[in-house]
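So the structure is just underneath, and the comments pick up after that.
The values are calculated or read from the model by the stated rules, or taken from the named source; none is laboratory data. Given the structure is predicted, the values throughout are model-derived calculations rather than measurements. All Cβ positions, even for glycine, are placed from backbone atoms using ideal geometry, and neighbour counts span all protein chains on display. Note: accessible area is taken over every heavy atom of the protein model, side chains too, but ligands, DNA and RNA are not part of it. Shrake-Rupley method; radii C 1.70, N 1.55, O 1.52, S 1.80 Å.
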Amino acid sequence: MATVLLAPEKLERLRSYVLRTRRRVTGTLTGIHPSPHYGASIEFREHKTYSPGDDLRYLDWKLLAKTDKHYVKQFEKETNLRAYFLVDASGSMDFGTAGATKFECAATLASALSFLLLNQGDAAGVAAFREGSRSVVLPRARSGQLRILHELLSAVRPQGGTGLLPTLQELLPRIHRRSLVVLISDFLDLTPEDLDRALAMMRQVRAESAVFHVIDPVERSLSFKGRTEFVGPETAARVLAYPEAIRARYREAFARFVADVKAACLANGVEHAELSTDEPVDRFLFRYLEQRAVHQGVTASR
Amino acid sequence: MGFLQPLLLPFAALAAAPIVIHLLTRSRARQQLFPPIALLLRIQQNTARFNRWRERALLAVRTALVVALALALAGPFLSGVGAAPDTGGNEPTAFVIDNSASMLARSGGSNLLELATEWVQARLAGLEGRVHLLRLGALEPDEASLASSDLDALSRFLKDTRPYFGAVRALHGIKEALGKLPEGGHIYVLSDLRKTSWESEGGAIKLPDNVGVDVVDMAAVWEGASDGVVEMRARPTRHGTEWDLNATVALGPGNGKPDAVVTLRAGSTTVGRIVLNRTEGNLLNAVAQVAPPVQGEALLAEARLAADDLPHDDIRYFAADTRTALRVTLVEGEFGSVPLEGEAFYLSKAFLKVPRGGTELQPAIIRPHMLEANTLKATDVLILANVALASLPKESLAGIPDAVRRGMGLILFMGKRAESAEYNERLGAILPVVFGGEQAVDPVPGQAGIGLTAVNWGHPLLEPFAGGTQGGPSLVRVERYARLQPISGRGAVILRLGNGDAYLVEGRAGAGGTLVFASTADREWNDLPVHPAFVALVQQAVFYLAVQGSPAGPRNVLAGERVRLAWPDPAARRVAVRPPEGESFDLPVQTEGSRAWVEFAVPGPPGFYRLGGVPRDGDRQLVVAVNPDPRESVLERVGEAEIKERIVGDVQLRTADRALMGWTTGTGRQDLTPIVLLLVAGLVAGELLLGNPR
């Protein structure tokens, strides 16, 4: 299997980026992500009516002078993040016409994001799943975590069905609330209902969720020629067809499928991004981080 | 429906190719792993049935496309569409078909004769009542025409129309057709309009008011070119030890070919293959010398040009009997007067030294009263040297003209006993000259007599003298001679005296030939006998006449020419004839007393005709070479003005191009090629549409 790590110079460039969650997360250590709790950071969050026992150091004396009422200032607490990368290792991911397979792209993306998070003090874990099989490394912020994640992702051989729902049913109870859950998949053998259920389950853990939809360009264009027998990787289904004859309708159906996935994500408050196998992962990642930072009104780099 | 190039039709069998390819590749679709197969399955459920039909339609379109292409190449046409001529279906109609050899000119896959008969066939269906079909070339009247209302009989007549290799007369055919339409009607003449077959026959044909003539120029569809016209001669040299085969080629344009190849064959052996650089209109000769295989057998030779679009003039045949011995009867009129000075003395010397391997000369020297009628039958060449005809037995004298016409050669030497008036009277019918009495040469101081000069040193008779460069007859001095006045059309002067009078004249009479010397065979009137040229000239004269006149008659005839061939077996009733192609046929043997002969005439095809079947030991076989009439090779054409000069009345000249496509009523042959091409274009569009679905 090809390496799932970015080149050293790409990783070096990645060090200068930060990834902040949009939602408040609960971590065990101090970090850079907003926490639901109040803390001692320098960033003011709100006033609170003074109650006996409150630390008088935070009493807002200026406000007391103006209003003759006692308020104490409360500040943001910043904590670290637990991130779970769920990587689809089904047979359909073992397909790629632009150099790398979809799974290789997904694993590289998960690996790179893990590197970024671990580098900023967060905990990162990976679950590579397929129907009836899961390989899981729970999130840790320790040194050597990246190597473990890399070894796991390198060892996985995509095959079989997806089994997303059973995976979520098994993993979600183990996922800390207010963490980051990233699902990387092609969503090909999921019915719209199953996809909805999966996304709803992710929403229920109140984690910040993101979906990377991996697509090979040929899946989008059906650019084959001549009489072709198409074989499914996960099922025994076979289709004999002239691609030229069905191309237009197929493209339309695929675009609708992608749009449905995106719509389902948005409906469940899950961030959605498309990862194409013909685009280098590092380029996609840098672009993604910058766009995300723009949306958050922060800078992507340190 | 017919095809201009039916030979291309078998390409339609390639229509099996798409079917075979379809069957072979049906199970060989490319396999492709494709994860979003669920989407394809959903779409395919809707299109599977359509795709099945599309595949079948594509197969049908491709198969039809191959067939249509083959059809288009073969030049399809629909014949018989509204087949009636514009003159109406019930008007008496005659079709005159020029079936001369020049109509064999190929145009596409068919020759002009086939196109002409197809054209007529297409129109027969629309005609009512009796239709007259006439062929310009035919030997027998029953072969020349047919009048019938039975379509089958008319079709058979058309189908059986074979090319006639003799000369044809178009105007004669039109007169015949007029005779068959006493109540008026319409005559269609289908001809290639060669000038030689449209020669005027003494006055124009005036058409009645109720008769129209359409002349269809068939040559208009001919796009080929003649490689050239070959003619052939052959003659023995060196007393029969060798034969010169001489092919003369008049080169044509030859479709741009840079040269012409002439092949000369003797028997089954190619004896010469000569490449002639083409310069259109040039006459070029190809010569080869051959030894006859066995003395006494027939020499069969042919000269052949590479076949071109006009095949009938690309080959010529030649046949001749080679002789083991020639029987020469020498009658000396002045016998015994001075034995060592007489004609018999000199002439007998001339027959002594014949080259080894050549034909033996068997001279018999007799006195005039010894010449019997039977002797004439056993003689190849008769020499009358200074003979008073009155001294010959009457019966023998009367038999000389017949013997000459049957093929005997006759050489006359004049002298004081040979009286001009007698010769004119008794032998005038076969002689090429009129004798004008004895004439002495005006004396020239210091010269004895006058010399001789040849009209043409290339004449075969003068061949031993190498074109006059080796002295020969030019050194002979003549002091006295009999005046010879050549008869126009019968006599040709070979040697002249210095004063311009004829000295040696040749002529033909039936199958035989004659040579007349104006002077004597001894030294009485000239010194010819003491010159070295004498022996060669006399021997050459004997061979020359013997070859021209075979006792059995001519061996080289033109198609359509009727000749009489003596047959050696009077007891035979019939003689089998084996033609160069086709089935054998019989000729009746005709007899009169002890003489037997067969009359031979064939319309063609050219080649060697073997009379007597397959020879067994002792059986006699005659071989006759039949060649096309040379007038068939003259391609100069007659113009519309000339046609209207020779046929006065309602005459229309049509070009075959329009004729073949239905010129009179827009009917007849309808060219289907544009329709098939449209179909091909439609099929190509269909193939593109079905084969590349978007």
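Would you be able to say whether some residue in the range B:150-161 is in a helix (DSSP H, G or I) and touching a residue at least 40 places away in the same chain (Cβ under 8 Å)? The answer is yes, given that some residue of the range B:150-161 is in a helix (DSSP H, G or I) and touching a residue at least 40 places away in the same chain (Cβ under 8 Å). Candidates in the range B:113-137 are the residues that are at pLDDT 85 or above and in a loop (DSSP other than H, G, I, E, B); of these, the one that is nearest to residue B:179 (Cα to Cα) is B:136. Is it fair to say residue A:57 is charged (D, E, K, R), part of a loop (DSSP other than H, G, I, E, B) and surrounded by fewer than 15 Cβ atoms within 10 Å (Cβ to Cβ)? So residue A:57 does not fit the description; no. Restricted to the range B:376-491, the set of strands (runs of 3 or more DSSP E) holding at least 3 residues that are open to solvent by 50 Å² or more (accessible area, probe 1.4 Å) comprises B:433-440, B:480-486. Can you say whether residue A:247 is open to solvent by 10 Å² or more (accessible area, probe 1.4 Å) and more than 9 Å from chain B (Cβ to nearest Cβ), as far as the supplied structure shows? Against the criterion (open to solvent by 10 Å² or more (accessible area, probe 1.4 Å) and more than 9 Å from chain B (Cβ to nearest Cβ)), residue A:247 does not qualify. Contact list please: Cβ distance under 9 Å, first residue in the range A:203-214 and of a type in the set (Phe, Trp, Tyr), second residue crowded, with 22+ Cβ neighbours inside 10 Å and assigned to a strand (DSSP E or B), pairs at least six apart or on different chains. Qualifying pairs under 9 Å: A:212/A:182; A:212/A:183; A:212/A:184; A:212/A:185. Taking the criterion of being surrounded by fewer than 21 Cβ atoms within 10 Å (Cβ to Cβ), over 27 Å from the mean Cα position of the chain (by Cα) and not β-branched (Val, Ile, Thr), the residues of the range A:200-241 that qualify are A:223, A:224, A:225, A:226, A:227, A:229, A:236, A:237, A:238, A:240. For residue B:336, state whether it is at pLDDT below 80, in the same structural domain as residue B:543 (by TED's automatic domain parsing), on the phi > 0 side of the Ramachandran plot and in a loop (DSSP other than H, G, I, E, B). Spelling it out, residue B:336 is indeed at pLDDT below 80, in the same structural domain as residue B:543 (by TED's automatic domain parsing), on the phi > 0 side of the Ramachandran plot and in a loop (DSSP other than H, G, I, E, B). When the range A:179-199 is filtered for residues that are touching a helix residue (DSSP H, G or I) at 6+ places or on another chain (Cβ under 6 Å), more than 14 Å from chain B (Cβ to nearest Cβ) and not in a strand (DSSP E or B), the ones remaining, listed by number, are A:196, A:198, A:199.
Among the residues here, residue B:475 qualifies as in the same structural domain as residue B:521 (by TED's automatic domain parsing) and over 32 Å from the mean Cα position of the chain (by Cα). Within the range B:38-63, the residues that satisfy the criterion of being within 7 Å of chain A (Cβ to nearest Cβ) and open to solvent by less than 30 Å² (accessible area, probe 1.4 Å) are B:39, B:40, B:43, B:44, B:47, B:51.
When the range A:218-242 is filtered for residues that are more than 7 Å from chain B (Cβ to nearest Cβ) and in contact with a strand residue (DSSP E or B) (Cβ under 6 Å, 6 or more places away or on another chain), only A:238 remains.
If you go through the range A:124-138 and keep only what is open to solvent by 10 Å² or more (accessible area, probe 1.4 Å) and part of a strand (DSSP E or B), you end up with A:130, A:133, A:134, A:135, A:136, A:137, A:138. Being open to solvent by less than 20 Å² (accessible area, probe 1.4 Å) and more than 7 Å from every other protein chain (Cβ to nearest Cβ) is the filter here, so list the residues in the range A:250-267 that pass it. If the condition is that a residue be open to solvent by less than 20 Å² (accessible area, probe 1.4 Å) and more than 7 Å from every other protein chain (Cβ to nearest Cβ), then A:258, A:261, A:264, A:265 are the ones that fit. On inspection, residue B:300 fails the criterion of being aliphatic (A, V, I, L, M), open to solvent by 20 Å² or more (accessible area, probe 1.4 Å), modelled with pLDDT under 85 and outside the structural domain of residue B:250 (by TED's automatic domain parsing). Tell me whether the range B:566-576 contains one or more residues that are charged (D, E, K, R) and under 21 Å from the mean Cα position of the chain (by Cα). No; the residues of the range B:566-576 include none that is charged (D, E, K, R) and under 21 Å from the mean Cα position of the chain (by Cα). The strands (runs of 3 or more DSSP E) found wholly in the range B:505-602 and carrying at least 3 residues that are farther than 13 Å from residue B:411 by Cα and of a type in the set (A, V, I, L, M) occupy B:563-566, B:574-578.
Of B:118, B:128, B:140, all but one fail to be open to solvent by 30 Å² or more (accessible area, probe 1.4 Å) and either under 22 Å from the mean Cα position of the chain (by Cα) or among the aromatic types (Phe, Trp, Tyr) (or both); the exception is B:140. Within the option set A:183, A:171, being modelled with pLDDT of 90 or more and touching a strand residue (DSSP E or B) at 6+ places or on another chain (Cβ under 8 Å) holds for one residue only, A:183.
For residue A:154, the conditions (1) part of a helix (DSSP H, G or I); (2) at pLDDT below 85 all hold with the exception of (2).
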